[in-house]
1. Could you work out how much longer the chain between ASP163 and ASP259 gets when fully extended? Use 0.36 nm per residue separation minus the Cα distance between them, nm to one decimal.
2. At 1.4 Å probe radius, can you tell me the per residue accessible area of the range 103-257 in Å²?
3. Using a 7 Å offset from the Cα along the Cα-to-Cβ direction at both ASP201 and ALA69, what is the distance between the two label points in nm, to one decimal?
4. Give the lysines reachable from LYS338 as a straight Cα distance under 18 Å; neighbours fewer than 8 places away on the same chain don't count.
5. Give me the one-decimal nm value for the distance between modelled label points at LEU356 and TYR60, 7 Å along each residue's Cα-to-Cβ direction.
6. Among all the aspartates and glutamates, which ones have a C-alpha under 19 Å from LYS215's C-alpha, if same-chain residues fewer than 8 places away are not counted?
7. If the viscosity is 1.306 mPa s and the temperature 10 °C, what Stokes-Einstein diffusion coefficient in µm²/s follows for the chain when Rh is the Kirkwood radius over Cα pairs?
8. Taking LYS319 as the anchor, which lysines have their alpha carbon closer than 21 Å to its alpha carbon, excluding any fewer than eight residues away along the same chain?
Amino acid sequence: NNLAAFKKHSLLKQSAIDLWPTLPLPVTKYIAVERGNPAIERLAKIGMFRLAREIIDISYDEKLLDQNATELSKMLKIDKNRLNRLRNMACNIDMLRWMQYEKLANTIWPDEMIKDFGDARIKSSEFGFLKTPISFVKCHNYLMKQAAIMDESLKQTLTTWQDYFNMAEQLKMNVDCDQIARPKDLKVAHDELVLIIQSKDLEKTAKNIEKKWPKVNKQLPKLQKFEFEQGEYVVVAPKKVLDIVTEGTILKHCVHTCDYYFERISTDESYLFFLRRAKQPDMPWYTLEVEPSGNIRQKRTTGDNQNADFKKAVPFLKKWQQFFHKQLTEDEKKLGEKADELRKENYANLRKNGNLVWHGRLAGKLLADVLEADFMAAGQ
């Protein structure tokens with residue numbers, strides 16, 4: 001209530017303490033920090049609270065700031081024009097570093113690039129993995145395009161690119177070639193290299209499963225008649241255990257590590273099918289657990305999740321279930337009725353035992369509830 005009076009006192013005369021929407025520190029601590037780093041007061045006075053707050057959170061860095069300068073732009077080691085550009089993009093420290101690098105390089109980069117990289121906390125040093133120099137603008141354009149294809153954050157897309165590059169070097173691929181360095185579909189290229197590197201381990205895992213569940217490979221051929229393609233999507237059936245192991249490895253879920261999936265295939269309780277995009281029929285996308293009747297018990301993608309992109313495929317799956325039902329023999333219909341009873345019995349036991357989901361974004365929820373919510377009956 002008496003802040004106005006205190007502002008007249010020389011101690012607070014230059015302070016921006018009254019300008020903050022929410023003061024980031026207790027009053028006395030803020031005054032001390034602001035006096036020790038005048039850039040904070042200058043930034044607050046022109047509304048650059050995000051950058052001021054981040055500067056408060058770090059120890060003074062002489063590489064980032066020049067406390068001895070009298071103008072804010074010089075304190076930030078840039079010029080007035082670059083300061084105005086930063087102000088317009090509500091910058092953080094990473095954007096400031098990009099702008100400082102731009103000044104040092106005596107060039108001009110698009111504000112959109114600086115903002116996107118700054119928001120994603122991407123630093124210039126993170127592109128050091130590229131053996132042949134590629135301009136930051138081209139890197140930005142490539143990452144933005146790939147992030148849209150992958151439906152991932154810019155940071156995660158960069159991590160995938162770094163991982164892909166590392167594997168390409170391990171396989172002695174010509175990473176100096178632009179087609180290798182920047183594949184048209186980064187996720188597809190990345191996953192292909194994962195398969196190549198892991199192929200020996202995958203085959204070993206598949207052989208161990210085949211020894212334990214010898215009936216599975218004999219069951220899989222009868223699923224081929226249920227394969228279906230229409231529009232943007234296709235459902236394919238695994239031809240051998242190795243296909244299931246490959247699917248589970250790429251999507252990083254448990255379909256190839258849990259015995260009960262192979263037991264259910266062996267006893268005709270449920271089967272596994274792969275939902276894929278028609279333009280990428282060989283690239284794992286969603287794994288389906290399906291009863292002999294066509295009921296879908298589970299549909300899971302990377303990390304055992306179900307993402308927003310699945311909703312668009314639901315109408316296709318309903319048409320597939322109709323197609324599935326038309327292929328059934330009388331014996332298969334009876335197997336479907338039995339599987340329906342076993343599923344309901346399994347749900348009841350899970351509820352009785354209080355089984356919970358232990359990992360992922362569904363952690364802590366009753367497993368029976370999660371499975372029931374995932375169930376998609378044929379004909380519905």
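The values are calculated or read from the model by the stated rules, or taken from the named source; none is laboratory data. Just so we're clear, the structure is a prediction, and the values are computed from it rather than from any experiment. With ideal geometry, Cβ positions are generated from the backbone for all residues, glycine too; neighbour counts draw on all protein chains shown. Surface areas here come from the heavy atoms of the whole protein model, side chains and all, with no ligands, DNA or RNA. Shrake-Rupley method; radii C 1.70, N 1.55, O 1.52, S 1.80 Å.
1. 31.5 nm
2. Using a 1.4 Å probe on heavy atoms only, each residue of the range 103-257 averages 54 Å².
3. In this crude spin-label approximation the distance works out to 4.9 nm.
4. By straight Cα distance, LYS338 reaches no lysines at all.
5. The two pseudo-label positions are separated by 4.9 nm.
6. Hits, sequence-local ones excluded: GLU203, ASP243, ASP259, GLU263, ASP268, GLU269, GLU289, GLU291, ASP331, GLU332.
7. Values: Rh = 25.3 Å.
In µm²/s, the coefficient is 63.
8. LYS222, LYS225, LYS279, LYS299, LYS311, LYS333
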